[in-house]
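Coordinate-derived values only; no laboratory data. Since the structure is predicted, the reported quantities are computational estimates derived from the model, not experimental observations. As a convention, Cβ positions derive from the backbone with ideal geometry for all residues, glycine included, and neighbour counts pool all protein chains shown.
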């Protein structure tokens, strides 16, 4: 989702760089990135530490939303990459700027969307 | 489908020391029941075996070495397998679970050449990916992976949607306008259906499972494109987490 659609200015650097890239203008963005990185790539100790840090600044319900989002996108990413679906035309049109900024065409699965690699 | 209370208690979410909303617990119980039940092309026992093999991939030495290699094709060998599914199926399950961002059309074609039918492949993708979702949920929550129930008896339905066609993806899918007959209402009556929701439609029950899961974990399907739609966490926070997960999974979609 781009900042265009919400009217808010955000910094996308954290999507590629993860922890240490700042909060990107999103409330507790730095803690959300650190927790996500720990779950995806870290040790149990990393996850425990970042979970505690995140829970110190968000409500229980917000924390569960973050946990659920991590679960949800580990499903849809795998489905997309396992079935070779192309990006939807409407989504491709509105997200081109964000995709260019993030350099998403470098991912192998961009081959599934004609023209995505320029 | 009724939710078995014993499955909910087996989730062990009370160990997390935080209240997990009932909608999520119900969704996970339904997913586990769905996995253990006879599917469309695999039996309940075969589906449970796929789940256990997908979890086994996390400690597979070949998968670890391939993940570290510049190209997965640069490393050969045999997977560490539980021995419950055929070797050609083991490779498919392990690759989808451990290295999804580097799957290719050539790899998919070789999977089918190895003996899997397209329909079996799509159902396998559905089972393995939805398991990854509940396993990552448990990992993030700090509890053990949910126990998979004993397989339910029965035969696969072998239902193949008549409207499935090749339409840009590697696998056949059902377009919204072709969702008729048994597939009526598959996409909730929506005409503009994102490709991700159509991806598994060669096996419609996997679409139903995915939509149920997505509604509980993320947003209701009909509100996803509404930037104002949200749960408790700020919507941009949700999208930040989602985008970071996708970047780490090297997913373009």
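Got a sec? How would A:87, B:52, B:70 order by Cβ neighbour count within 10 Å, fewest to most?
Listing A:87, B:52, B:70 from fewest to most nearby Cβ atoms yields B:70, B:52, A:87.
Could you pull the Cα extents of the stretch A:16-118 along its three principal axes, largest to smallest, in whole Å?
44, 28, 23
Quick one: A:50, B:184, B:33, fewest Cβ neighbours within 10 Å first, how do they rank?
Going from sparsest to densest Cβ surroundings: B:184, B:33, A:50.
Using only alpha carbon pairs under 8 Å that are at least six residues apart, calculate the relative contact order of chain B and give it in whole percent.
22
Separation between the residue B:71 and residue B:109 pseudo-spin-labels, each 7 Å from Cα along Cα→Cβ, expressed in nm?
1.5
Summing -39500 (n - 2.57) over the DSSP H runs of n ≥ 4 in chain B and dividing by its residue number, what mean residue ellipticity at 222 nm do you reach, to the nearest 500 deg cm²/dmol?
-14500 deg cm²/dmol
For each of B:84, B:54, B:71, B:37, count neighbouring Cβ atoms within 10 Å of the residue's Cβ, then give the residues from fewest to most.
B:71, B:84, B:37, B:54
How many nm separate the modelled label positions at residue B:86 and residue B:152, each set 7 Å beyond the Cα in the direction of the Cβ?
Between residue B:86 and residue B:152, the label points sit 2.6 nm apart.
Grab the Cα-Cα distance for residue B:159 and residue B:26, subtract it from 0.36 nm times how many residues apart they are, and report the gain in nm with one decimal.
On the way: separation 133, 0.36 × 133 = 47.88 nm, distance 2.65 nm.
That pair, residue B:159 and residue B:26, stretches by 45.2 nm at full extension.
To two decimal places, what compactness ratio does the protein assembly as shown give when its Cα radius of gyration is scaled by 2.2 N^0.38 Å? Can you show the working numbers first?
Working: Rg = 19.4 Å, N = 371, 2.2 N^0.38 = 20.8 Å.
Dividing the Cα Rg of the protein assembly as shown by 2.2 N^0.38 Å gives 0.93.
Can you work out the FRET efficiency for the pair residue B:229 and residue B:5, with r the C-beta to C-beta distance and R0 = 30 Å, to the nearest 0.05?
Efficiency at R0 = 30 Å is approximately 0.45.
Determine the shape class of the stretch B:139-244: with a ≥ b ≥ c the square roots of the Cα gyration tensor eigenvalues, call it rounded for a/c under 1.5, and otherwise prolate if a/b is greater than b/c, oblate otherwise.
oblate
Label-point separation (nm) for residue B:166 and residue B:12, each offset 7 Å from Cα along Cα-to-Cβ?
Label-label distance for residue B:166 and residue B:12, simple model: 4.6 nm.
If you average the alpha carbon positions of the stretch B:209-251 and of the stretch B:1-43, how far apart do those two centres end up, in angstrom?
First find each Cα centre; the distance between them is then 20 Å.
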